[in-house]
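Student: Below is a structure I'd like to ask you about.
The values are calculated or read from the model by the stated rules, or taken from the named source; none is laboratory data. The model shown is predicted, which means the values in this text are computed figures rather than measured ones. Using ideal geometry, Cβ is built from the backbone for each residue, glycine included, and neighbour counts are taken over all protein chains shown. Heavy atoms of the whole protein, side chains included, go into the accessibility calculation; ligands, DNA and RNA do not. Shrake-Rupley method; radii C 1.70, N 1.55, O 1.52, S 1.80 Å.
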Amino acid sequence: MHDPRIDKLARQLVRYSTNLKRGEKVLFDLADVPDALGLALIREARARKAEPHLRLGSNRLQREMLLGATDEQYKRIAKLQMAEVREMDAYIAVRGSHNITELSDIPAGRMAMAQSHMRRVIDHRVKKTKWCVLRWPHPAMAQQAGMSTEAFEDFYFRVCLLDYEALLPGMRALQRLMDRTDEVHLTGPGTDLKFSIKGIPKLVSAGNYNIPDGEVFTSPVRDSVEGHVTYNAPTIYQGIAFDGIRLEFSKGKVVKAEAEGGQTRALNKILDTDPGARYIGEFALGVNPEVKEPMRDILFDEKIGGSFHFTPGQAYEDADNGNRSQIHWDMVSIQRRDWGGGEMFFDGKLVRKDGKFLAKSLQKLNP
């Protein structure tokens, strides 16, 4: 039986997230997803009189490629993919995962080398195309979320098909408040962090960059970060699971990094990928009311209502603080009372407590 929610998702991606127009060329980059989704996307693009292109992938095949990766090989792969993406007006990627740790045994050097070549392809796609990236709900995702497969699929489509336009008034009010802010002060269990966001653009993401969505984001002034932060949401990066990450900053740089479960060495290895990996490229507030608990999937966890993420690595192009890195790791801390609480101050004024905004104009963003 065909699931009609797949057609609704394809329609949202094509007509809202990327707003495809007649004659535009779109690349569908699909990995480990059912044919039904690819069919729905291609048909929806054609209904808009757009021109669909298709790239198919597999995480297991990607692992095998990376295990034997060479510099010349990935230089050539990046060149070919750059030629392809330069022809596109839009890019939609849907990535499934039968095993969330499929890439966990890739040697760090090979991963970093491949990422260094692919960075310019990603940069071009982000800067020059309309794009949207999302996951696909495999049973492995349901398992990591602690849910049955059917319950997780219901959750997935509920979150992905959210009426994002209804969030926009509150998100734009938050954007205006952040525009007027110089110093941000975050406090909570294991966290006392100060930094400036003055002069850096503030952006709203409401279903137009990735799905699920719901964040207002910017970057800190690169050298302004002082203090320490503890991330209470579990995370996974480069196929490696991390818990209880704690970072200490001085003049913007991570000077001490620790993780629970014996993963401190692995954490520091990632943060030593390049000089920019120890500086912060993004500060964002999650406001999606349907995403409530972490599941070790960044695209979901960074949108949790009542959370913030503070991202080591590459700055996002439209909120650029000058930081450059192969790394962009959205580490999440939830400030709701049931997760230990916390406060957020803008220029000394309390604006959010225990995950809830205090201003009337922001009430609709509260989880």
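Student: Can you pull out every residue in segment 220-233 that is open to solvent by 20 Å² or more (accessible area, probe 1.4 Å) and part of a strand (DSSP E or B)?
Tutor: The answer is 226, 227, 228, 230.
One line per residue, one yes/no per condition, for (1) buried (at least 18 other Cβ atoms within 10 Å of the Cβ); (2) part of a helix (DSSP H, G or I):
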position	(1), (2)
2	no, no
15	no, yes
26	yes, no
44	yes, yes
65	no, yes
91	yes, no
94	yes, no
99	no, no
106	yes, no
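Student: Let me ask something else about it. Just to be sure before I move on: is residue 341 open to solvent by less than 60 Å² (accessible area, probe 1.4 Å), at pLDDT below 95, closer than 28 Å to residue 271 by Cβ and assigned to a loop (DSSP other than H, G, I, E, B) in the structure I sent?
Tutor: no
Student: While we're here: Please find, within segment 28-42, the residue that is nearest to residue 156 (Cα to Cα) out of those that are part of a helix (DSSP H, G or I) and in contact with a Phe, Trp or Tyr (Cβ under 9 Å, 6 or more places away or on another chain).
Tutor: Among residues in segment 28-42 that are part of a helix (DSSP H, G or I) and in contact with a Phe, Trp or Tyr (Cβ under 9 Å, 6 or more places away or on another chain), the one nearest to residue 156 (Cα to Cα) is 37.
Student: Working only within segment 344-362, note down all residues that are in contact (Cβ under 8 Å) with a residue 24 or more places away in the chain, open to solvent by 40 Å² or more (accessible area, probe 1.4 Å), over 20 Å from residue 166 (Cβ atoms) and part of a strand (DSSP E or B).
Tutor: Listed by number, the list holds a single entry, 345.
Student: Which condition does residue 293 not pass, out of (1) within 25 Å of residue 97 (Cα to Cα); (2) assigned to a helix (DSSP H, G or I); (3) open to solvent by 50 Å² or more (accessible area, probe 1.4 Å), if it passes all the others?
Tutor: Failed condition: (2).
Student: Within segment 234-247, can one find any residue that is at negative phi, within 22 Å of the chain's Cα centre (by Cα), of a type in the set (Gly, Ala, Ser) and in a loop (DSSP other than H, G, I, E, B)?
Tutor: No: zero hits.
Student: Let me ask something else about it. Please state which one of 240, 270 is over 17 Å from residue 314 (Cα atoms) and not polar (S, T, N, Q).
Tutor: Residue meeting the stated conditions: 240.
Student: Considering only segment 313-330, state which residues are modelled with pLDDT of 95 or more and either aromatic (Phe, Trp, Tyr) or touching a Leu at 6+ places or on another chain (Cβ under 8 Å) (or both).
Tutor: Within segment 313-330, just 329 meets the criteria.
Student: A follow-up question, please. Which residues, taken from segment 236-262, are modelled with pLDDT under 95 and either buried (at least 16 other Cβ atoms within 10 Å of the Cβ) or closer than 25 Å to residue 126 by Cα (or both)?
Tutor: 236, 237, 238, 239, 240, 241
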